[in-house]
Structure formats: C-alpha cells, structure tokens
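Peer 1: Before anything else, here's the structure in question.
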Amino acid sequence: MLTSTAGCGKGSGLSRLFGGAPDSKGFPSSEPLGSGPPPVGAASLDPAVQGKTVLVVGDSWAGRLAEGMNAVASDRNRIVNGGMGGCGIMLPSTQSGKPPLAACLRWPTQWRLDMNVFKPDAVLLRTGNWDLEPAAFDGIATEVDITDKRFRKRFETQTARAIDILTAHGTPVYLTNVRIAEGEYQEKSIAMNNVMRAIAVRNKGKGVHLLNLARQLCDDSGCPQEKDGHRMYDETQHPSKWSRERLATWVLNAMFARRSVPSAPAGSADPAGNPARSGAPAR
C-alpha cells in the first residue's frame, strides 16, 4: 500500500522540477529521485555495525533519527543524541520572528565538547529542516530564507564551521539532504538540497559524505505518507517509529557496512548505551 499526500503525491508533477534548467531565481532543479516507490531506509542492520559510537547533532529530525538508532542498534553500540528541536545551524538574531533559544546558540561549544568526551567513530550532522525557516542575522533589516544568497552564504559558513569542529579528529561526518516539501516550502527544500550537495563536494577531502534522504522518502512523482501499511510520519510530520528505525538502519549501514556506498546525489561524496543527550521531538 502506497498512498500520497495532496500536493506531493502521485501525479503531482514533481518530475518537472528534476533535471531541468535553473528556475527564475537561478536555482538548478533537484536531481532525479527515481520512478519509485521510495525505499524508506533499510530493514536489516549490517553485522559490521557493532562496537561503534555515533554522535548525532542538529535539529529535531536529528533527534528522531538518533531515537531510531537507539532502537535498532543500542544493544551493540553507543548512540549520543544531540538533536535539538527548534534549533538550526544559523546562529541568527531572530528566526521566524522570534529570538532563538539560548541552547540553539551553544552548538559550537557543545559539539566540540561532545567530540572530546565521546570520541565518536562517526557523526551524523542533520540540519536543514529548521533552517528552511527565515532568519535575520548580521544586522539585516528583515528575515530572509534559503532562496536568498545572504542566507545561503551564512548557512554555508556556519556548516563549514560545524564540519571543522566535527572532523577535527579525523572523524567522518555524514550530512543528509531534506525531503522535498510541498507548497511554499517546495522551492526552499530544493534550494536547501542544492546547497547541501555543494557543501558535501567542497568538504569531501575532510571526510564529509552526503546521504540522499530525499531519495529514501520521495520519488519523481511525490513523497508518500504511507508505505506497506505503515504511516511514514507522525502528527508533527517527523518520521514515525517505523520510518525512523528504517532510516536509522540505512544511515548506520552507510557509515559502517563493509563495501557500503552511501546513496548520495550526483556530485556528492559518498558497547550498548543510552543517549547522553536527548533533543525535543518538535521541530
């Protein structure tokens, strides 16, 4: 069973956005996602995923993926959940008209501390959803979003700063792109994915990889809400328990499975414990 949400479902025409010329604002269209249905992660954890420490940092999607990792792998691995609901990477003065939470501004210090304390074998830096929201920074008069070059420059600068912190000990870092959204967020999500792809290419030599999360959740005709009788999202549009466990398995396999090749867009890089920190589930 595969059903779709209105505006982002079968026949919604997402294929026209993929593989074409730049749009009116100069954004290249997203890479093709395939004819579907999307796989939604993986069902089986590779035996090589054992004895590993994984640090997960970023927004509430990061927190949900870390919860999935704990569910499927914490008996043999340590998962450190640093996902923070309502926190992006921009360090803005305001975002969506409100000052950021104090905790959202501490990531440069906190992530450096986490790296020194936990010494992870790999890091998942999952940001992008909250940073689809408009923000003000550097004294600009009005909030702008990822479709504005000032926002993109700021996002790229802050992500590069995070990558320097998270790869300081030679630790591989895995980024993801975002699900193709609908309505007003469709253009923003495609722009975000283009930026994430460029960041991954630029930082490939530092051990940065980009995982194509969009291809796990969407195909060229849309982004379904159900698969095989399972709801893919909860009421907040975060991954459901079923989805996050499958996505978490896919991420862990990409990090550690022997001869594994992460599913990434063209041009991109390829002992048990409870989470030390837990992020809020809401975005």
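Peer 1: Is one or more of the residues making up the stretch 205-219 in a loop (DSSP other than H, G, I, E, B) and touching a Gly at 6+ places or on another chain (Cβ under 9 Å)?
Peer 2: Yes, the conditions are met somewhere in the stretch 205-219.
Peer 1: Just to be sure, is Pro92 within 30 Å of Ala136 (Cα to Cα) and assigned to a helix (DSSP H, G or I)?
Peer 2: no
Peer 1: Please work out which one of (1) under 21 Å from Lys149 (Cβ atoms); (2) surrounded by fewer than 17 Cβ atoms within 10 Å (Cβ to Cβ) is the condition His230 fails and give its number.
Peer 2: It is condition (1) that His230 fails.
Peer 1: Another one. When the residues of the stretch 117-141 are filtered to those that are open to solvent by 60 Å² or more (accessible area, probe 1.4 Å) and at pLDDT 95 or above, which remaining residue is nearest to Val49 (Cα to Cα)?
Peer 2: Looking at residues that are open to solvent by 60 Å² or more (accessible area, probe 1.4 Å) and at pLDDT 95 or above, I get Asp121.
Peer 1: Hey, another quick one. Return a yes/no flag: does the stretch 93-116 have any residue that is touching a helix residue (DSSP H, G or I) at 6+ places or on another chain (Cβ under 6 Å), under 24 Å from Asn194 (Cα atoms), surrounded by 15 or more Cβ atoms within 10 Å (Cβ to Cβ) and not small (Gly, Ala, Ser).
Peer 2: Checked the stretch 93-116: no residue is touching a helix residue (DSSP H, G or I) at 6+ places or on another chain (Cβ under 6 Å), under 24 Å from Asn194 (Cα atoms), surrounded by 15 or more Cβ atoms within 10 Å (Cβ to Cβ) and not small (Gly, Ala, Ser).
Peer 1: Also: When both residues are 6+ apart or on different chains and their Cβ atoms are under 7 Å apart, which pairs have a first residue that lies in the stretch 87-115 and is under 18 Å from Arg161 (Cα atoms), and a second that is in a helix (DSSP H, G or I) and open to solvent by 50 Å² or more (accessible area, probe 1.4 Å)?
Peer 2: So the pair list comes out as Leu91/Leu105; Pro108/Arg161.
Peer 1: Those residues that are open to solvent by 20 Å² or more (accessible area, probe 1.4 Å) and in contact with a helix residue (DSSP H, G or I) (Cβ under 9 Å, 6 or more places away or on another chain), I need them from the stretch 156-166; list them, please.
Peer 2: Across the stretch 156-166, the qualifying residues are Glu156, Ala160, Arg161, Asp164.
The values are calculated or read from the model by the stated rules, or taken from the named source; none is laboratory data. Bear in mind that the values here come from a model prediction, so they are computed numbers and not experimental data. Ideal geometry is used to build each Cβ from the backbone, glycine not excepted, and the neighbour counts take in all protein chains shown. Surface accessibility is based on the protein's heavy atoms, side chains included, excluding ligands, DNA and RNA. Shrake-Rupley method; radii C 1.70, N 1.55, O 1.52, S 1.80 Å.
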